[in-house]
Amino acid sequence: MPFFKALVGGFYDRVAEDPVLRPLYPETDAGLPLARYRLTLFLAQYWGGPTTYDEERGHPRLRMRHAPFAIGPMERDAWLGHMRHALAALDPAPPITAKLDAYFEMAAEAMRNRD
Ligand code: HEM
């Protein structure tokens, strides 16, 4: 869990300052504490950790939960760019970096709902 907390922390530190992504987040609190908490739980669960996300939020249904947000190629690339920075800052072993990077590339494209 500490790894996912640090990863999502680094990611949302950047999103909070991003003029393209920040306006998408309904959360008013500058640090986006709720978004951090949810994404940390989701990723930890996805990679074999506790199922607290499901217990608290129900089934992920990520595409449905992202439908209210206009996510085109620019938003997708901004999201992926920040996640890659956060991952590089933690610099886990190369096989882990490769696996997470491939997952985030696929998942970010899957959330795109605009051309
Ligand atoms: C591609 C660009 C993406 C954008 C612009 C985006 C934006 C957002 C926004 C605005 C929210 C609502 C904030 C909140 O309530 O937490 C959200 C929630 C969430 N996003 Fe994304 N997202 C993107 C990609 C992804 C990807 C690739 C994943 C998973 C790997 C992901 C996982 C989540 C999760 C788990 C939540 C919380 C859902 C909930 O429990 O309500 N997002 N996202």
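Ligands, DNA and RNA aside, ILE96 has an accessible area near 90 Å² when probed at 1.4 Å. Taking a Cβ cut-off of under 12 Å around PHE11, the surrounding Lys, Arg, Asp and Glu residues balance to a net charge of +1, with basic ones at +1 and acidic ones at -1. Counting only whole DSSP H helices of the chain, the ones at least 24 Å long by C-alpha along their axis and with mean Kyte-Doolittle hydropathy no lower than 0.0 are 94-111. Heavy-atom accessible surface of ASP77, to the nearest 10 Å², is about 80 Å², with a 1.4 Å probe and all protein chains retained. For the pair LYS99 and ALA70, a Förster radius of 22 Å applied to the C-beta separation gives a FRET efficiency near 0.15, rounded to the nearest 0.05. Residue order by solvent-accessible surface for ARG36, ARG84 is ARG84, ARG36, largest first, with ligands and nucleic acids left out and a 1.4 Å probe. Assign one of three labels to the range 1-90, namely rounded, prolate or oblate, based on the Cα gyration tensor with a ≥ b ≥ c the square roots of its eigenvalues; rounded applies when a/c is under 1.5, prolate when it is not and a/b is larger than b/c, and oblate otherwise. Here the range 1-90 falls in the oblate category. Rounded to the nearest 20 debye, the dipole magnitude of the range 2-111 is 180 debye, with +1 charges on Lys and Arg beta carbons, -1 on Asp and Glu beta carbons, and the Cα centre as origin. Computed with every protein chain present, the accessible area of LYS5 is close to 130 Å² [probe 1.4 Å]. Evaluate the distance, in nm, between pseudo-label points positioned 7 Å from the Cα of ALA89 and of GLU109 along their respective Cα→Cβ axes. Each label point is offset 7 Å from its Cα along the Cβ direction, giving 2.7 nm. I want the local charge near ARG65. Using Cβ-Cβ distances under 12 Å, sum +1 for each Lys or Arg and -1 for each Asp or Glu among the other residues. Every neighbour counted, the sum reads +4.
In percent, what relative contact order does the chain have, based on Cα pairs under 8 Å that are 6 or more apart in sequence? Averaging sequence separation for qualifying contacts and normalising by length gives 33 percent for the chain.
The values are calculated or read from the model by the stated rules, or taken from the named source; none is laboratory data. All values reported here derive from a predicted model rather than from experimental measurement. We place every Cβ from the backbone using ideal geometry, glycine too, and count neighbours over all the protein chains shown. Note: areas computed on protein heavy atoms with side chains; ligands, DNA, RNA excluded. Shrake-Rupley method; radii C 1.70, N 1.55, O 1.52, S 1.80 Å.
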